[in-house]
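The block underneath contains the structure these notes are about, expressed in structure tokens.
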Amino acid sequence: LEVFGAYDVAVVGAGVAGVMAAVRAASEGARTLLVEASPFLGGLVTGGRLTKPSGVVNGGVFAELLDRCAERGAADREVRRSYWGAYTGSFDSEAMQRAIIETLEDVRVDVLFRAPVVEVRTEEHRLREIVLQVKSGRKSVIAKVFVDSSGDGDLAALAGVPFAIGRASDHRVQPMTAYVRVVNVDIPRFVEDCRAHPDDLSDLVVPAGAGERNEDYILNFVATGFRKRIAQAQAEGFNWIIPKDHITFKSGLIPGELNLNVTRFHGNGLDERVLSRAELVLRQQAYCAFDFVRRYVRGFEKAIFLEVAPKLGVRETRRIIGRYVLTEADVRGERRFGDSIGLCNAPFSAHDPDGDKSTLESTGNGYTIPLRCLQPLRLSGCFVAGRCISADEVAFTSTRNVPACATTGEAAGLAAAFCARTGADTNDVPLIALQQQLERSGVQLGLHGEVLA
Ligand SMILES: Cc1cc2nc3c(=O)[nH]c(=O)nc-3n(C[C@H](O)[C@H](O)[C@H](O)COP(=O)(O)OP(=O)(O)OC[C@H]3O[C@@H](n4cnc5c(N)ncnc54)[C@H](O)[C@@H]3O)c2cc1C
């Protein structure tokens, strides 16, 4: 097999976790390749339009990317509060993509797009080589250390690491959602409608001082609800085909832009038939939601359907089993692990694998993520980062959030660069040195009673 290249660190998957890992590894001097199946960077936070991190972004590269966006007026850098806790404001997905490209170029990461990893080679439980399906055929990449930030844990699973999927009882997972972007909304008029129906809303965040201009609501408006309105429309004969009874609206960078979280599709995100069906059905649901708001919600009379997010919003697939499995009790107990790689206050964000319920629940002052959750069981030469880290089904509902994924990516990149440079085993990383470097990058480890705010 032709070798595409030999690297110090190869990162698989360019979502938020993979981008953090690649930037961090390269800035430590590692020759780094970032391999991505799609033709864009950022994964769900750009292509899925998931632009509102739940929980506070804990320093590091992601905070720097947000600063770059904010300098262009394309991110809200205020820490805001909701009933489920403190969180970092939202950003624009294309501004984020631009910031990611600039940063990857600054630190000289090689990027290979349209290159899904389809096979791996291990020697005595050590990951040595990955095989990519690229346009010209199959090629391999050799690296001293790999990071599996594929979201699905493809690399670790191909290497034979055990994994869990979904609920312990039946392995069913959280549903998929495609975000819907609508423009030319009269947001002040929409806010009037929300305020006139407080009993039909479960969340309403209107920026202080916002008035009659769409510009007053850029990047910082959220509303959730409209259960009664949907029921009323159905009673009048409207064909609501969506298996969910409420809508979340959040504003974007374009004046009059609202992003709708409303679609829902239940199924296994590792099954190609399910994934293809989801792409079709979620689009039909998106058109249905648009027809509904145009007809029944004030402010949408002249709204224009801009897009369905290009990357399918798969919430949950594999959770790779690591040297430690983070548990619900750890998160609820705000546990502080000695091998913390970062503090996290992302809420439990759970969507019912069967029905239409979803819950957001605060994780209080936050818990720490142990390095062992990034170290896959019985495998060396590889760290996992992002939503596939080692956690139980409930802890996962917190660690899947963007701030947690960014934190694990940062630590994985740093640890990978260290192992590549020194030859240290990935299961035997000198902890104090890693933690000191993370702290120097502004990451709060949570070992000194810190609270993210
Ligand atoms: C609908 C929805 C709503 C959400 N809402 C919120 C929210 O409000 N707040 C919040 O904080 N979080 C939210 N999340 C969660 C959060 O967005 C994701 O969990 C997080 O962005 C995942 O980041 P990641 O880097 O782990 O994975 P991803 O962003 O999925 O990136 C993985 C990358 O790996 C690539 N890849 C996959 N397999 C391979 C392979 N074999 N070879 C090469 N490349 C591969 C993919 O193409 C992708 O680019 C939401 C998620 C969804 C789906």
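Of note:
- As for segment 5-12, it holds no residue that is within 12 Å of the ligand (Cβ to nearest atom), assigned to a strand (DSSP E or B) and hydroxyl-bearing (S, T, Y).
- Of all residues in segment 204-229 being of a type in the set (A, V, I, L, M) and part of a loop (DSSP other than H, G, I, E, B), the one that is surrounded by the fewest Cβ atoms within 10 Å (Cβ to Cβ): A208
- Under the condition of being over 30 Å from V262 (Cβ atoms) and of a type in the set (S, T, N, Q), the residues counted in segment 5-52 number 2.
- Scanning segment 310-329 for residues that are within 16 Å of P175 (Cα to Cα) and of a type in the set (G, A, S) turns up just one, G313.
- Within segment 371-414, tally of residues that are closer than 16 Å to R126 by Cα and away from the ligand (no atom under 11 Å from the Cβ): 10
- Residue in segment 229-249 that is at pLDDT below 95 and farther than 27 Å from T46 by Cα present: no
- Summed over segment 268-319, the residues that are within 28 Å of G386 (Cβ to Cβ), part of a helix (DSSP H, G or I) and either among the hydrophobic types (A, V, I, L, M, F, W, C) or within 12 Å of the ligand (Cβ to nearest atom) (or both) give a count of 7.
- Qualifying residue in segment 167-174 (condition: surrounded by 15 or more Cβ atoms within 10 Å (Cβ to Cβ), among the small types (G, A, S) and out of contact with any Pro (no Cβ under 9 Å at 6 or more places or on another chain)): no
- Residue within segment 82-92 that is surrounded by 22 or more Cβ atoms within 10 Å (Cβ to Cβ) and closer than 18 Å to R387 by Cβ present: yes
- Unmet criterion (only one of (1) within 6 Å of the ligand (Cβ to nearest atom); (2) not in a helix (DSSP H, G or I)) for G18: (2)
- Residue selected from segment 36-64 under the condition more than 7 Å from the ligand (Cβ to nearest atom) and charged (D, E, K, R), by the criterion surrounded by the most Cβ atoms within 10 Å (Cβ to Cβ): R49
The values are calculated or read from the model by the stated rules, or taken from the named source; none is laboratory data. Only a predicted model underlies this, so the values are computations on that prediction, with no experimental measurement involved. Virtual Cβ from ideal backbone geometry, glycine too; neighbours counted across all protein chains shown.
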